[in-house]
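S.K.: For reference, the structure I am asking about is given below.
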Amino acid sequence: MTVPKSTPSLKVAIVGGGPGGLGTAIALQTIPNVEVTIYEQASVLREVGAGISIGSNSWKVLELLGVADGVDTGHETWTVLNLGLGRNGQSGQERTKLQSALLSAVNPGTIKLSKKLVHMEDHGPAGVTLAFKDGTTTTVDLVVGADGIRSVVRDIAFPSYPDTLKFTGTTIWRTLLPWAAVSDLDPRFSTTAWWHTPTTHVYFSPVGEGLWEIAARAWHDPKVHSASKVSWGVPVTNEHVESHFNEYLPQIREALSRVPSGGWREFAAFAGPEMPTLTAWSNRIVLVGDSSHALSGAFGSGAGFAMEDGWILAQALAYHSNDTSRALNLFNAIRLPYYAKMYKHLADQTAQRAKNLENTRVPAFDEQVKSKVISDGGGGLDWIYHNNIEHVWNSAIEKGNGELSKPGAIYSSNQSASL
Ligand SMILES: Cc1cc2nc3c(=O)[nH]c(=O)nc-3n(C[C@H](O)[C@H](O)[C@H](O)COP(=O)(O)OP(=O)(O)OC[C@H]3O[C@@H](n4cnc5c(N)ncnc54)[C@H](O)[C@@H]3O)c2cc1C
């Protein structure tokens, strides 16, 4: 690539080596005159949770990052099953070791482990200094906060934000067990599927290497249950998990009961409010992934969103020849309205659930399940699961010519649905 002489060099620190940080680094390493380093608090990079499901939106960005081949295991299935009503036919689901595929595409020497960010200082045009727990510091032109839902970058750059994370009402339990332990129960269990009741679902999926994943969710009114919810990845008893799924088919209950004792981990989903902007400190800070939209896995596609953020950020910097002010305005203009739409969807969903609980006419079981399947992703969420981030970018440039100064100038509130 020919680099225009006017393109200034840009030293970028990415804080966090999850899908957002790794995806951003892969995208940025193709941009002229950008020097990128990832600072990760962990001493070893591990896969997030028990597995990651990948919809077609995520596949698209993996292709753009050039890592889809490393993730692909060759087939596409995304089937939605529920109690009482059968639905299927979505596509684009796969599970594999996303983190390792991303890692292998990051240039050697980019990642610095055991670097927990504890402090940041703004020196204006001279850059931002990051201070790590081990006593070391570095000064950079641009900080990318890819440090997850409890982001230190966000908490320092947006000091009023940290107190606002709240329990959403959703509790998630995850485990892995040998496929052989459950393969006799139901032929449908060999397919990735969600089984629903009105306020819960159970997700079964073969994840390769002879293993099978169960991820089960239950929603309780957060007004009643929030005080007891602080858990994140803690072991819980089988009885505790099973007690939420008594209404299910016998073979589903049997599958849950075959989880070895001590096998379950509980995650209480927390979420924070919409950010008014994803940038701070005169465009020397930008947030990507969970730090920028604390939705706590709400759409089961957070890794995809995080990588989309990183790819868009890199395109915006390249488009504006590393001018961070113009590039970050463009980034905000593309990503903020998209997240706003997700927040609106969740607010509507929560209001509906609360209304259902109060409703004197309790809808029939099937009616409730149908509405839950639709709101959870069984329909109407193509603007997420089939979002084509390359089209989004091209459309933004065509419409605004990249010369946007104001967030929201690209999307109308429902535009992404048609992209
Ligand atoms: C139970 C559950 C199930 C999910 N299932 C799916 C799924 O199937 N598909 C999907 O796409 N998404 C799923 N998600 C969401 C997905 O895991 C996240 O949205 C995604 O991991 C976000 O990526 P990220 O890079 O923004 O943040 P993270 O993955 O949280 O990564 C943040 C990184 O920053 C590091 N870090 C944090 N603080 C510091 C610091 N101070 N200094 C340095 N490093 C720091 C962390 O160690 C971590 O490595 C699920 C989430 C949950 C909770």
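S.K.: How about region 107-156: which of its residues are within 13 Å of the ligand (Cβ to nearest atom), β-branched (Val, Ile, Thr) and modelled with pLDDT of 95 or more?
M.R.: Matches in region 107-156: Ile111, Val118, Thr136, Thr138, Val143, Val144, Val152, Val153, Ile156.
S.K.: Of the conditions (1) at pLDDT 90 or above; (2) within 16 Å of the ligand (Cβ to nearest atom), Ala180 satisfies every one except a single condition; which number is it?
M.R.: Here Ala180 meets the rest and fails (2).
S.K.: Taking Arg258, is it within 13 Å of the ligand (Cβ to nearest atom) and outside the structural domain of Asn57 (by TED's automatic domain parsing)?
M.R.: no
S.K.: Now, a different point. Can you pull out the residues in region 324-345 that are within 17 Å of Val392 (Cβ to Cβ) and in contact (Cβ under 8 Å) with a residue 60 or more places away in the chain?
M.R.: Correct list: Asn329, Leu330, Asn332, Ala333, Ile334, Leu336, Pro337, Tyr338, Tyr339, Ala340, Lys341.
S.K.: If you take the residues in region 171-217 that are in a strand (DSSP E or B) and among the hydroxyl-bearing types (Ser, Thr, Tyr), which one is farthest from Trp264 (Cα to Cα)?
M.R.: Among those that are in a strand (DSSP E or B) and among the hydroxyl-bearing types (Ser, Thr, Tyr), it is Thr197.
S.K.: Residues in region 201-218 that are surrounded by fewer than 20 Cβ atoms within 10 Å (Cβ to Cβ) and over 20 Å from the mean Cα position of the chain (by Cα): how many?
M.R.: The qualifying residues number 5.
S.K.: If you go through region 294-324 one residue at a time, how many are over 10 Å from Thr24 (Cα atoms) and within 9 Å of the ligand (Cβ to nearest atom)?
M.R.: 11
S.K.: I'm trying to understand the selection: among the residues of region 10-24, which are more than 16 Å from the ligand (Cβ to nearest atom) and either modelled with pLDDT under 95 or basic (Lys, Arg) (or both)?
M.R.: Selection gives Lys11 alone.
S.K.: If you take the residues in region 119-128 that are in contact with a strand residue (DSSP E or B) (Cβ under 6 Å, 6 or more places away or on another chain) and surrounded by fewer than 16 Cβ atoms within 10 Å (Cβ to Cβ), which one is farthest from Asn283 (Cα to Cα)?
M.R.: Among them, the one singled out is His119.
S.K.: Give the residues of region 106-127 that are in contact with a Leu (Cβ under 8 Å, 6 or more places away or on another chain), assigned to a strand (DSSP E or B) and β-branched (Val, Ile, Thr), sorted by residue number.
M.R.: Ile111
S.K.: How many residues, within region 323-340, are in contact with a strand residue (DSSP E or B) (Cβ under 7 Å, 6 or more places away or on another chain) and surrounded by 24 or more Cβ atoms within 10 Å (Cβ to Cβ)?
M.R.: Residues flagged as in contact with a strand residue (DSSP E or B) (Cβ under 7 Å, 6 or more places away or on another chain) and surrounded by 24 or more Cβ atoms within 10 Å (Cβ to Cβ) within region 323-340 amount to 3.
S.K.: Please work out which residue is farthest from the ligand (Cβ to nearest atom), limiting yourself to region 29-40 and to residues that are over 15 Å from Asp323 (Cβ atoms) and in contact with a strand residue (DSSP E or B) (Cβ under 8 Å, 6 or more places away or on another chain).
M.R.: Across region 29-40, the extreme among qualifying residues is Glu35.
S.K.: Further question on the same structure: Assuming Lys166 fulfils every condition listed in (1) basic (Lys, Arg); (2) within 14 Å of the ligand (Cβ to nearest atom); (3) surrounded by fewer than 20 Cβ atoms within 10 Å (Cβ to Cβ) apart from one, which condition is it?
M.R.: (2)
S.K.: Would you please name the residue that is farthest from the chain's Cα centre (by Cα), looking only at residues in region 137-163 that are buried (at least 23 other Cβ atoms within 10 Å of the Cβ) and in a strand (DSSP E or B)?
M.R.: Leu142
The values are calculated or read from the model by the stated rules, or taken from the named source; none is laboratory data. Nothing here was measured: the structure is a model prediction, and the numbers come from that model. For neighbour counting, all protein chains shown are included, and Cβ atoms are generated from backbone atoms with ideal geometry for every residue, glycine included.
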